[in-house]
1. In whole Hz and in residue order, list the ³J(HN,Hα) couplings for segment A:145-158 that follow from phi through the Karplus curve 6.51 cos²θ - 1.76 cosθ + 1.60, θ = phi - 60°; x for Gly and Pro.
2. For segment A:439-590, I need the span (max minus min coordinate) of the C-alpha atoms along each principal axis, in Å, sorted largest to smallest.
3. Over what distance in Å are the Cα centres of segment B:393-450 and segment A:374-441 separated?
4. For peptide A:60-73, what's the mean number of Cβ atoms from other chains within 10 Å of each residue's Cβ?
5. Ranked from the most accessible area to the least, with a 1.4 Å probe and all protein chains present, what is the order of A:His23, A:His548?
6. For A:Lys254, give me every one of the aspartates and glutamates with a C-alpha distance below 16 angstrom, ignoring sequence neighbours fewer than eight places off in its own chain.
7. Name the chain B residue nearest the rotation axis between B and A, going by Cβ position, and give the distance in whole Å.
8. Filter the GluC sites (Glu not before Pro) in segment B:464-557 to those in DSSP coil with at most 13 other Cβ atoms within 10 Å of their Cβ, and list the result.
Number of protein chains: 2
Amino acid sequence: MKLDMLVGDRFRERPADCVIDSHALMVRGGYIKYVANGIYSSYPVLRRVTRKIEQIIREEMDAIDGQEVLFPVAMPAALWRESGRYTSVGRELARFGDRNGNDMLLGMTHEEAAVHLTREYGQTYAKYPFMVYQIQTKFRDELRPRGGLIRTREFTMKDAYSFHTTKEDLDAYYMRCYGAYERIFTRVGIPQAIAVTSDSGMMGGSASYEFILLSSVGEDTVVTCGNCEYRANMEAAECVVRNAPGAGDTQVKKVHTPGTKTIDEVCAYLGLPVTQSCKAVIYQKNATDAYVVVFLRGDMEVNETKLGNFLGEEFRPAILEDNEPAGAIPAASASAGAVPAASASAGAVPAASASAGATPAASASADAVPGGMLTAGFIGPYRLFTPGLTVLIDRSLKDAVNLCCGANEKDFHYIGVSMERDCGDVQYLDLAKAAEGGVCPRCGAPSLRVSRGVEVGHIFQLGDKYTKSMGMSFMDEHGNLRHPVMGCYGIGVGRLAAAVCEARHDEYGPVWPVSIAPWHTHLCCVRANDDRIKTFADDIYAQLLAEHIEVIYDDRAVSAGVMFSDADLIGAPYRVIVSPRNVDSGCCEIVSRDKTVNIKVNAAETASALKAMLRASD
Amino acid sequence: MKLDMLVGDRFRERPADCVIDSHALMVRGGYIKYVANGIYSSYPVLRRVTRKIEQIIREEMDAIDGQEVLFPVAMPAALWRESGRYTSVGRELARFGDRNGNDMLLGMTHEEAAVHLTREYGQTYAKYPFMVYQIQTKFRDELRPRGGLIRTREFTMKDAYSFHTTKEDLDAYYMRCYGAYERIFTRVGIPQAIAVTSDSGMMGGSASYEFILLSSVGEDTVVTCGNCEYRANMEAAECVVRNAPGAGDTQVKKVHTPGTKTIDEVCAYLGLPVTQSCKAVIYQKNATDAYVVVFLRGDMEVNETKLGNFLGEEFRPAILEDNEPAGAIPAASASAGAVPAASASAGAVPAASASAGATPAASASADAVPGGMLTAGFIGPYRLFTPGLTVLIDRSLKDAVNLCCGANEKDFHYIGVSMERDCGDVQYLDLAKAAEGGVCPRCGAPSLRVSRGVEVGHIFQLGDKYTKSMGMSFMDEHGNLRHPVMGCYGIGVGRLAAAVCEARHDEYGPVWPVSIAPWHTHLCCVRANDDRIKTFADDIYAQLLAEHIEVIYDDRAVSAGVMFSDADLIGAPYRVIVSPRNVDSGCCEIVSRDKTVNIKVNAAETASALKAMLRASD
């Protein structure tokens, strides 16, 4: 088509509200139009890109025996009540009432719909395995949409659901889908996307991989090993800490530590390395307000995903009396105020180990300090006794000796504490974040790297969470009724487009790969107001169309600067330039968007030259 | 693919709750799964059909210079407040609040989004005309979804919006789109779809065509002329009535008509043809409860769409005291009870012509009956005086003489009333439904036919309704700011699939055309448990795949009856049958779904024979 007909404006200036490059380029290039927070319309340029992405995904899903279906966007609440998610999922699930007063919701994922569609079909083992997928609009009422298409509230997603009679069959299919995802990311131009193990979150289930494009603008944090193939999302990354060996025979001693505000200050005041300290981070359970204290080595941070999985319920950083969130502050040095006694807020809980839900990993009931108060800023595991408190000890403290920790008394710490000797036989949990330079849980080398990345795909093993709750079962070979196990597999189409743009752009615009470029070639007629030039370019346009080459033709009477700047924003992989100088020699210039190609060809051979290049780069 | 992998069950029995054939066949054939009232999931068979329909639509939209975009499903109310539709559209617009308390809605049409997307782009005349379209999910909270995919609450729709600087340009483009629609309906297999003029409803604007597939299961009523090309939706069809000429010199006389319950009974009692009577139909305005009386010839019915367009506000049939809707009953013979005085319900309205909104076409203020009461069942235009009443007279009464009509007094009618002489110079309005055998407003012949049909597409000229209200304007050649005019063009994808099924099926299943069939061929291996037969069929399957013929392969060990019944439900245009008898002669049988072809071909020539047939029928 002709560029002057293309709906959408292009700008030179970077919009002030765009923090990341793909967002800025998609606004500047006339790809997206802001409609509301996290909601965009797509202009034709973007729609051409997303349609190509959708087609690649479709081909790869079909290649692993997927069958395309379509689930509703608007679903009755009754369906999600079957799985329990109508109530368990929070406000990111948009709910509404229809005209007859029925509770409805907008699909943010379709496990329930997939089970609903197939539970009559899948009544006998002979029908298994099968996989259904859709490419459809979803709405997830994100608290913080950001980065243009990187995180939106409404988005197009390919979501696939596979059903199996055995875990082994799911495992095998899961790896087939893993392969399909690798092919998809390679085909759309980001072969560097890596798979990392991840947490399965509200989806439930056991195994889960995220496909991550490493990028400083990503909102996911991933942990990779420089020495082996270990890769995990920070949320799921195991944290291994080796404490320096020591005899642990130092005496426990209470010391006065007035005015120390942070764990670093405490350690500096005492002349100790931070790795020789124990800090406390305090949370409260949402349901009961009961306090949860996590002890971990002073240099580590709590991984709240792991904590949530352990607790199995919602929680929040505890709010101190002056309204500072305790969880964000090294509790051993929190600045002010006493946390009210946990037993008072949480009701009459008889013992430290009896708080609702999770079994506390440790409760130091011997040698307890009198009073039963949590002394914020000075909480330590030694001689701690507070009724109703859940105390969790991270394994970064295992084998730790000669530690400093809060003395459960304002302005005092202990030093010389050795965990095993002084805190008894406690259960150590993996609750800390892996850290840069940390020990790899697979190979044991201290080679962990922490990077940012964009999640471009996610595959889950769901097990029987949905089939069991929704009553889907099949008769097996022996006549027994069993629940099938499921996998689910998602890719956000718009986010993938943005991720490719993020990975492949320069300051002037996206550098689309042939596979998903809005057009393969961008024909520029420089000096289109000169009839001779215009006719020459028109002929080349006709030639490219006749040869079925995707081409956008710029024959506007604008400067070469404007023309090339627009072409950069549209990002077609090859540009064909017709200019007075070229016309004189019967040639045109072919330049690749990534600057690796810059050749002159005889005008008559433009199409064949382009075809050869397109074949080579696709 | 192989049929035994196809997700979805097929049944022999017609489901009891399916009233129309396409609904029953789509349930029986494993096309759709009911999720909630008017909400379905699509199984793979249907998704293959709808994807082909979508592709045909896309090609035809691109061919008329359409550019594909994507609008959001969930839109902020603010956008619809700009056009006024957030409040003017009723409960079919689904509204919800997001997590931050913002009013949101689910798109049922996207005029606002189209203006929003393009109003910066379209600031100068040089950018015009342009058309953008999308294929996207919509939600319309219909009061009465019905007939499977014929009328759903959630549906996939192609909606297109064109923008023009002049009405003439819109007219020209509108006809291009009309042509594209004709091509679309021809390509998907229903060339018999007809275009009828229609009412533009809540879309606003001037011209409007509906594309209708005539079908007894349709919920639209269309009026066509057997003598000329006149075609209109009943909602928009002009009603022309020719009253028999007469002197009109009969005396008006009040007669006692006790116990006459219907207009037919009144006329029978008086020995008059119904065409010589005048009846009253009573409505109430929703906003004020004020009464509206429509007088029309006794054999005619009120066209409520025309009435609504005239009134310009919402109304309902008046409810009599015994709760029978007056509008549904010939008011001249309504059974019981007096309608309360209009002036009492509607508040203090000083004169008959002063009721809110519409200008009454007539108000008989002279020779009024005393009391000012509407005597339900006996209302007539002669000597009627009721303060606050809107009186509308349909043109079926123009030139009528010697009529009987209610005497505005219980159990009495007048006879011998002549409209012109006795009711004065009233404005006659077109408020009646066209009727079978009625006079064609175009050619004048009494050749009107009234039929049922399914609306498969709708094209509107919107004028500047949206561009004006939403502040979209462009600078014209002379430097003046003007509002562009718009057209909009919709096709429901699922409904179109259902309509094609409705038009092309037999008792055994759909007879899909090649263009949108889920597969082109259905390979049946009868006696697949015989290795020799199975190998023969496998070879043909491989041959068809190698030749890129779309094929679904049934190699299940089931009876030929089950196999053929399933094939009928899937409806592929060609069936290839491998059976022991055919194998003996090295042949297979090719049978078309519509029974017009039944040939044997040498096995090796199956693909080439099919290709020739597919080419011929596409």
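1. Per-residue couplings from phi come out as x, 7, x, x, 7, 5, 9, 10, 8, 10, 7, 8, 9, 8 Hz.
2. So the extents along the principal axes, rounded to whole Å, are 80, 47, 22.
3. 95 Å
4. On the way: counts 0, 0, 1, 0, 0, 3, 1, 10, 7, 10, 14, 6, 14, 9.
The per-residue average across the peptide is 5.
5. Details: A:His23 20, A:His548 165 Å².
From most accessible down to least: A:His548, A:His23.
6. Excluding near neighbours in sequence, the set is A:Asp367, A:Glu409, A:Asp411, A:Asp422.
7. Nearest Cβ to the rotation axis, residue and whole-Å distance: B:Phe96, 2.
8. On the way: sites: B:Glu477, B:Glu502, B:Glu507, B:Glu547, B:Glu550; in loops: B:Glu477, B:Glu507, B:Glu547, B:Glu550.
Within segment B:464-557, the qualifying GluC sites (Glu not before Pro) (loop, at most 13 other Cβ atoms within 10 Å) are B:Glu477, B:Glu507, B:Glu547.
The values are calculated or read from the model by the stated rules, or taken from the named source; none is laboratory data. Predicted, not measured: the structure shown is a model, and the values here were computed from it. Virtual Cβ from ideal backbone geometry, glycine too; neighbours counted across all protein chains shown. These area figures cover heavy atoms from the full protein model, side chains too; ligands, DNA and RNA do not enter into them. Shrake-Rupley method; radii C 1.70, N 1.55, O 1.52, S 1.80 Å.
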